[in-house]
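J.: The structure that follows is given in the form of structure tokens.
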Amino acid sequence: MPKAILPFRLKRFQQSTATDYNTILGEPGSNAKTNKNLTPTFTHNLSPADTSGAINVCPGAGNCRKTCLHWAGNPAYMKGKQAKRIRQTIAFSRDQNSYLEMLSVAIVRALTKFEGRQIAIRLNTTSDIKWEELSFNLSPDTADFISKKFGVKFFCGRSANLLELFSPFDVVFYDYTKLKRNWQKCRDLNYHLTASFDGHSNTANHKVCADALNNGVNVAAAFNIKRSESLPDTVDLLGLTLPVIDGDVSDSRFDDTTGHLIGLRFKQPRATKYSADDVASFCV
């Protein structure tokens, strides 16, 4: 079998940005929340909002900025985790096409690790990018590398987005978002979205959430309660009474029935400063 050699252009891109298609996706089991999913789930992390100094990857962020889950977890690992996410964000901002090609290779690698099973991917684990709007060119040499390395064949050339490229495969993409999207387009691309409530003071976010609900898309919201406490059965939000699904049982939002609020218990960030008022502003 011919030897698979990563195209020099992509190899140089990885070297210059200190990124790697082998590690750009978090493996199943590496995220406490997605590890609860029955479907093996891979995560993609960028440095949230404008914390990379290169680009704002969360244009809809508001109250969530100070309490972002990016800062959760063991503070001892935060320095290395943040450095990697900054590198990936800078790489994405520097050469979007090369980054999307590298991400394509990473997704093929993920699929072949669980051949014969469906996998799930969260592209926006700590970002909020409209991936459905990012077209890119899959070069012949990258398509050839994928074929030789993983035995997966793609037609090279222009793809409307990553989601379209992987539509023939058993992969479900899902994310939370604070941006108004073309909900039906994303649904057709097998991209399952859940709108994210940003607190009662963010009126612009209320419009996004209302639009999502009107289009059959669920809304997720954080509750400032202890992990051991139960969520309410229903919540009055945006003029509606919504039944509540416990979103902490798993992160498989693509399995949720519509017309619900996804309740999430507030997770305390341990590597950033925030106040009780910040929490109150963000939670229901």
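J.: For residue 260, only one of the following conditions fails: (1) over 25 Å from residue 66 (Cα atoms); (2) surrounded by 16 or more Cβ atoms within 10 Å (Cβ to Cβ); (3) of a type outside the set (Gly, Ala, Ser); (4) touching a Gly at 6+ places or on another chain (Cβ under 9 Å). What is its number?
T.: (4)
J.: Still on this model: Which one of 45, 63, 31, 35 is polar (S, T, N, Q) and surrounded by fewer than 16 Cβ atoms within 10 Å (Cβ to Cβ)?
T.: That would be 35, the only listed residue that is polar (S, T, N, Q) and surrounded by fewer than 16 Cβ atoms within 10 Å (Cβ to Cβ).
J.: Determine whether the stretch 4-18 contains at least one residue that is of a type in the set (Ser, Thr, Tyr), more than 30 Å from residue 250 (Cβ to Cβ) and either open to solvent by less than 20 Å² (accessible area, probe 1.4 Å) or assigned to a helix (DSSP H, G or I) (or both).
T.: Within the stretch 4-18 (the criterion being of a type in the set (Ser, Thr, Tyr), more than 30 Å from residue 250 (Cβ to Cβ) and either open to solvent by less than 20 Å² (accessible area, probe 1.4 Å) or assigned to a helix (DSSP H, G or I) (or both)), the answer is yes, since at least one residue qualifies.
J.: Of everything in the stretch 121-171 that's under 18 Å from residue 56 (Cα atoms) and free of Cβ contacts under 8 Å to residues at least 60 places away in the same chain, which residue is least open to solvent (accessible area, probe 1.4 Å)?
T.: The extreme case among them is 132.
J.: Could I ask something else about it? Tell me, which residue of the stretch 197-211 that is assigned to a helix (DSSP H, G or I) and surrounded by fewer than 20 Cβ atoms within 10 Å (Cβ to Cβ) is farthest from the chain's Cα centre (by Cα)?
T.: That would be 203.
J.: Also, I was wondering about something else. Please go through (1) open to solvent by less than 10 Å² (accessible area, probe 1.4 Å); (2) touching a Cys at 6+ places or on another chain (Cβ under 9 Å); (3) in contact (Cβ under 8 Å) with a residue 60 or more places away in the chain for residue 174 and return the number of the only condition it doesn't satisfy.
T.: (2)
The values are calculated or read from the model by the stated rules, or taken from the named source; none is laboratory data. For clarity, every value in this text was computed on a predicted model and none was experimentally measured. Neighbour counts run over all protein chains shown; Cβ positions are idealised from the backbone, glycine included. To get the accessible areas, we keep the full protein, side chains included, count just its heavy atoms, and leave off ligands, DNA and RNA. Shrake-Rupley method; radii C 1.70, N 1.55, O 1.52, S 1.80 Å.
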